[in-house]
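The structure appears right after this line, and notes come after that.
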């Protein structure tokens, strides 16, 4: 563990901003909200933040990106793939967002070899930070993501007068090789551990089941369509929960034509499974027409389907969905605990031999 | 203090290799119109000899400036270097394709998905149950089996359409009817006034009971509108056909076609990648399947 003086750290960030070819972005505050944005000066950095509105996902899977461009030449179209890359240094990523990025890497790089995502990840340096404040909605402690030993190139922990730096990769060590640092004292190493323990405590709200039992709970609760419909009753299908989630990655592909149709481009854009037409097909059929089914799908995707495919529980407990849901119905912790209580009352909690997955239908439209 | 090397700056980087999302150029070489809304488009890839597909798989068809649509491949690989798509005009992309003429260009991505699996069907009796626009995806397997006739047992084709005016692949139907090693039966839901029809009238389930199949050696393949599956499955159950001897091909809104974008997700499965053809026991357990 390295120790860097505060003034040296500020100089280090200012030097990156001035001299590094890459964009330097970080957690900052604008208009009363925290967000990841470009830094003009080290003083823009707001490492005391609790939760940014959008997760750093936007730097690897942008809300909108061009996949290819085409232009008519005579009867033919010339089609060219394009890759819009902005190499970046991202400063201040919290442990739960580091976990989310690792999960996304598994899906987009290991499983899908998605060159657009992979190239952006390769050309990005991630500097994590130990949270100094935790939002009321965050329950990363319950999801075992309040601390992380991997997923960062550097990890910063602010102590009283200095900043502790843990190096997670060669990229990280290269970044600070010319920065004056010293090795941490025993007391400083212990102080960092204490900071991390405090985050776990602050970010624990009380999940009433073992985290690893979440896929079992959701699987057992799949058929409880009245439960899902009741919880989704106030849902406006606005997809704020999808948009702010660090592990939501559904997208749509749209073709955008220039006026005159001689040239155009294909874009990949964020999409959300809570939108009414997300699972609609041609000729009017919609496989998740009812709100309750869409709401259920989102929770199962987080806690069951991704787990089945990749072994990860895709809810990292950041709490953004709960915080930004206008009707206030998206807090996953409340839903998990409610579902457990609901199944308990029915005597159908797993262990009492109930994990059927055959569905009953929701009849009401919308 | 710190100096960074090796980064090529920002902005658009030209790609060295074609990405998975890039369509390849293709030409429409023939069009056969079946109904007001349905037509067969014969497609020739410009940069390679053949598509290299299996029956039941699909491609993404790209019309520059309009978009993409997932379309099942209607022809068998044995039928030549071109391939056929039967396209119903239901939206912008399919509408634009319908406005095209032989010689016009479009883009193709694929083939994608898991199809009927002709290898695992070898030695089996084949029962095809197709409704409406579900005939073209089954046709690819029908023609595969007919091109390798000795590999398969009895072949029975059941086809239902809304009315006699909606019949697809009429030239193939005549050929199937004429063969003595194929049993072909069809039905229409209704006969509009002034339309000639001397065949069966009724939904597709009405022509299942008379069919003579051996449940031990038969694999049924179902493709049709979503409403059809449950009723057909009930009739096949009546016939004593085991669930593991039933394959279904499902329709979803595939956008990326590689199991990532989420639009075609059916519980934990991606129809574009894990399907579109599934063994019935696999989809039976999944509430969002049928």
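When the stretch B:244-265 is filtered for residues that are more than 7 Å from every other protein chain (Cβ to nearest Cβ) and either part of a loop (DSSP other than H, G, I, E, B) or closer than 14 Å to residue A:278 by Cβ (or both), the ones remaining, listed by number, are B:250, B:254, B:257, B:259, B:264, B:265.
Being more than 9 Å from every other protein chain (Cβ to nearest Cβ), surrounded by fewer than 22 Cβ atoms within 10 Å (Cβ to Cβ) and in contact with a helix residue (DSSP H, G or I) (Cβ under 7 Å, 6 or more places away or on another chain) is a description that applies to residue A:121.
When the stretch B:174-227 is filtered for residues that are within 30 Å of residue A:286 (Cβ to Cβ), without any contact (Cβ under 8 Å) to a residue 60 or more places away in the chain and in contact with a helix residue (DSSP H, G or I) (Cβ under 6 Å, 6 or more places away or on another chain), the ones remaining, listed by number, are B:187, B:188, B:205.
Specify the residue that is farthest from the other protein chains (Cβ to nearest Cβ); the eligible residues are those in the stretch A:6-32 that are in a strand (DSSP E or B) and surrounded by 15 or more Cβ atoms within 10 Å (Cβ to Cβ). By that ranking, first place goes to A:29. Going through (1) more than 30 Å from residue A:303 (Cβ to Cβ); (2) more than 13 Å from chain B (Cβ to nearest Cβ); (3) surrounded by 21 or more Cβ atoms within 10 Å (Cβ to Cβ) one by one, residue A:159 falls short only on (3).
Here is a yes/no grid of residues against (1) over 23 Å from residue B:217 (Cβ atoms); (2) at pLDDT 95 or above:
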residue: B:88; (1), (2): yes, yes
residue: B:106; (1), (2): yes, no
residue: B:118; (1), (2): no, yes
residue: B:121; (1), (2): no, yes
residue: B:124; (1), (2): no, yes
residue: B:130; (1), (2): no, yes
residue: B:148; (1), (2): no, yes
residue: B:166; (1), (2): yes, yes
residue: B:172; (1), (2): yes, yes
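Looking at the stretch B:52-67 only, could you name the residues that are in contact with a helix residue (DSSP H, G or I) (Cβ under 9 Å, 6 or more places away or on another chain), under 28 Å from residue A:257 (Cα atoms) and in contact (Cβ under 8 Å) with a residue 12 or more places away in the chain? Result: B:58, B:61, B:62, B:63, B:66, B:67. A single entry from A:233, A:174, A:188, A:137 fulfils the requirement of being in a loop (DSSP other than H, G, I, E, B) and more than 25 Å from the chain's Cα centre (by Cα): A:233.
Of the strands (runs of 3 or more DSSP E) lying entirely inside the stretch A:62-114, those containing at least 1 residues that are over 19 Å from residue A:301 (Cα atoms), within 9 Å of another protein chain (Cβ to nearest Cβ) and at pLDDT below 90 are A:64-73, A:76-85. State whether the residues of the stretch A:243-256 include one that is more than 15 Å from the chain's Cα centre (by Cα), in a loop (DSSP other than H, G, I, E, B), more than 10 Å from every other protein chain (Cβ to nearest Cβ) and crowded, with 19+ Cβ neighbours inside 10 Å. Taking every residue of the stretch A:243-256 in turn, none turns out to be more than 15 Å from the chain's Cα centre (by Cα), in a loop (DSSP other than H, G, I, E, B), more than 10 Å from every other protein chain (Cβ to nearest Cβ) and crowded, with 19+ Cβ neighbours inside 10 Å. Out of curiosity, is residue B:210 out of contact with any strand residue (DSSP E or B) (no Cβ under 8 Å at 6 or more places or on another chain), part of a loop (DSSP other than H, G, I, E, B) and more than 30 Å from residue A:111 (Cα to Cα)? No; evaluated as a whole, the condition is false for this residue. Taking the criterion of being within 13 Å of chain A (Cβ to nearest Cβ), assigned to a strand (DSSP E or B) and touching a helix residue (DSSP H, G or I) at 6+ places or on another chain (Cβ under 9 Å), the residues of the stretch B:68-106 that qualify are B:68, B:69, B:70, B:71, B:72, B:87, B:88, B:106. Can you tell me which residues in the stretch B:237-246 are surrounded by fewer than 24 Cβ atoms within 10 Å (Cβ to Cβ) and on the phi < 0 side of the Ramachandran plot? Passing the criteria: B:237, B:238, B:239, B:241, B:242, B:243, B:244, B:245.
The values are calculated or read from the model by the stated rules, or taken from the named source; none is laboratory data. Only a predicted model underlies this, so the values are computations on that prediction, with no experimental measurement involved. Glycine also receives a Cβ, built like all others from the backbone with ideal geometry; neighbour counts cover every protein chain displayed.
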